[in-house]
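Below is one structure, written out as structure tokens, with a few remarks after it.
The values are calculated or read from the model by the stated rules, or taken from the named source; none is laboratory data. None of these values were measured; they are calculated from a predicted model. As a convention, Cβ positions derive from the backbone with ideal geometry for all residues, glycine included, and neighbour counts pool all protein chains shown.
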Amino acid sequence: MSAKDKLVIFDTTLRDGEQSPGATMNQEEKLRIAKALEKMRVDVIEAGFAVASQGDFESVQAIANTIKDSTICSLSRAIDADIDRSAEALKNANSGRIHTFIATSPIHMKHKLRMSPEQVLEQAVNAVKRARNLVADVEFSCEDAGRSELDFMCRIIEAVIDAGATTINVPDTVGYAMPSQYGNTMKQLIERVPNADKAIFSVHCHNDLGLAVANSLDAVMNGARQVECTINGLGERAGNASLEELVMAIKTRPDFFNVETSIRTEEILSTSRLVSSITGFPVQPNKAIVGANAFAHESGIHQDGVIKHRETYEIMRAEDVGWNANRMVLGKHSGRSAFKTRLEELGILFETDHAMNEAFSRFKRLADKKHEIFDEDLQALVSDTQKFVASERYSFVSLSVSSKTGDVPNSHIVINVDGEAKAASSEGAGPVDATFKAIEVIAQSNTDLALFSVNAITGGTDSQGEVTVRLESAGRIVNGRGADIDIVVASAKAYLDALNHLTSDAKVKGHPQKNGV
């Protein structure tokens, strides 16, 4: 690093990002994302909320056991059981951090915690002391700092630093702050807390008013040296500050920011697409940095300017964030070695030969239909393969659809249910509607379809379609994903994937901000 300060990039895609409705990931999917984040050189990966469920604990533990170049963090309420569970999950981490929090705003203390400020301060100090006895790296967060009183935050921050906190996070939990206001809060805290020099100050901003990135950057201008963010801005409600936007703003404006990051920006696009594929949350075309239109120019004036001199209309190089970089095109003549090598370069490893053989067979079948296969196709193919190998309750077998102008569309589907082939037919308003109704003849899930979304994985008329289906049942929301050159087949796979999530035996995990402290 140069004379500029190091800005720590703390990614919480696997924890806060997963709190998006329907964005739940399994352990293998979390590991794939964690490996991508490590490859991108993210400093801290918040792997989960270990006490939330057995599945979350095992995911944090697996990531802590696997990732060596990033610090692995587990979230904990300021409760002994939470802290102990996090420490257990992080036991084998090369570098582990416990992140404990408690609400500090008057509205939260009164109505959620039902505790006095003095009780909150005492519990915070006790939590940090307990965590520091278990790990060397402890982060403390003032939940809802954006609506907290400055004097009280100064008191509690001074106390937790004395107790051993090495990072102090000042989150705008509900996305309420304005940039200048939030930046000034950070400045005042650093100036007024006597022992502020003994900790790194951090920001964690939500995007309810569309200001998460702006608030984070203003805080950095006023002394924050860690930013908490997610890939694609994923997160509950309107999401979190977007990692790619924060990092590229700092890289693009070195004249403005006196900080640098260690992020390998060329890995941004591939990581964005991986997260989108796994979570089923498509990236909007006009999304900054990673959207399909981010570096596209339609205006004749713009096109002419870019042709003559790129910087007339482009402030960043597309290659710097991964566009048109490191793309090996595979086809039907590509062998097993090339296929395996490219997957390894993408950070994808199979635990068994059976899984590898199944993936290669699917690759060959896809190559017979699609002339060129890109990295995005491989990510989708691997996701489908892993679902198949996992022997989930519902799996796709075959589909026959009849749709003709003037006739009512009809769908006949065959699926495996607990290993037994079952078939059903149904009519519908269109081929997809008929297919979903045919599945329901078999599944009888009594769910509501909350979202149906189609996204092209790559360009061209032979592109695979990636479908996201969101189902809701008894207050539980799940996303399902499916990919295929045939959109109706992709839709059927997505619906079945959602049913598998809905009928999973895994316990629904707790929510860190709903259980009180």
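Summary of computed values
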read-out	value
Odd one out for T167, checked against (1) under 24 Å from E149 (Cβ atoms); (2) free of Cβ contacts under 8 Å to residues at least 40 places away in the same chain	(2)
Unique residue being within 23 Å of the chain's Cα centre (by Cα) and surrounded by fewer than 23 Cβ atoms within 10 Å (Cβ to Cβ) when the list is K68, K129, K110	K68
Lone qualifier among S426, S411, S395, S391 - being at pLDDT below 95 and either aromatic (F, W, Y) or surrounded by 15 or more Cβ atoms within 10 Å (Cβ to Cβ) (or both)	S395
Residue check for R85: touching a Phe, Trp or Tyr at 6+ places or on another chain (Cβ under 9 Å), surrounded by fewer than 24 Cβ atoms within 10 Å (Cβ to Cβ) and outside any strand (DSSP E or B)	yes
Selected residue (criterion: surrounded by the fewest Cβ atoms within 10 Å (Cβ to Cβ)) from residues of the range 357-376 that are assigned to a helix (DSSP H, G or I) and either touching a helix residue (DSSP H, G or I) at 6+ places or on another chain (Cβ under 7 Å) or assigned by TED's automatic domain parsing to the domain that holds T66 (or both)	R362
Hits in the range 191-220 - residues which are assigned to a loop (DSSP other than H, G, I, E, B) and touching a residue at least 60 places away in the same chain (Cβ under 8 Å)	none
Residue, farthest from T24 (Cα to Cα), within the range 226-257, restricted to residues that are part of a strand (DSSP E or B) and not hydroxyl-bearing (S, T, Y)	Q226
Pairs, first of a type in the set (D, E) in the range 105-121, second outside any helix (DSSP H, G or I), C-beta under 7 Å, six or more apart	none
From T100, T24, T66, residue being touching a Ser or Thr at 6+ places or on another chain (Cβ under 7 Å) and among the hydroxyl-bearing types (S, T, Y)	T100
Selection count where residues are over 18 Å from H99 (Cα atoms), touching a residue at least 40 places away in the same chain (Cβ under 8 Å) and either among the β-branched types (V, I, T) or touching a strand residue (DSSP E or B) at 6+ places or on another chain (Cβ under 6 Å) (or both), scope the range 32-85	2
Residues of the range 142-174 classified as under 17 Å from P117 (Cα atoms), surrounded by fewer than 21 Cβ atoms within 10 Å (Cβ to Cβ) and of a type in the set (G, A, S), total	1
Selection status of Y176, hydroxyl-bearing (S, T, Y), in the same structural domain as T100 (by TED's automatic domain parsing) and not in a helix (DSSP H, G or I)	yes
Condition check for S270: in contact with a Leu (Cβ under 8 Å, 6 or more places away or on another chain) and buried (at least 22 other Cβ atoms within 10 Å of the Cβ)	yes
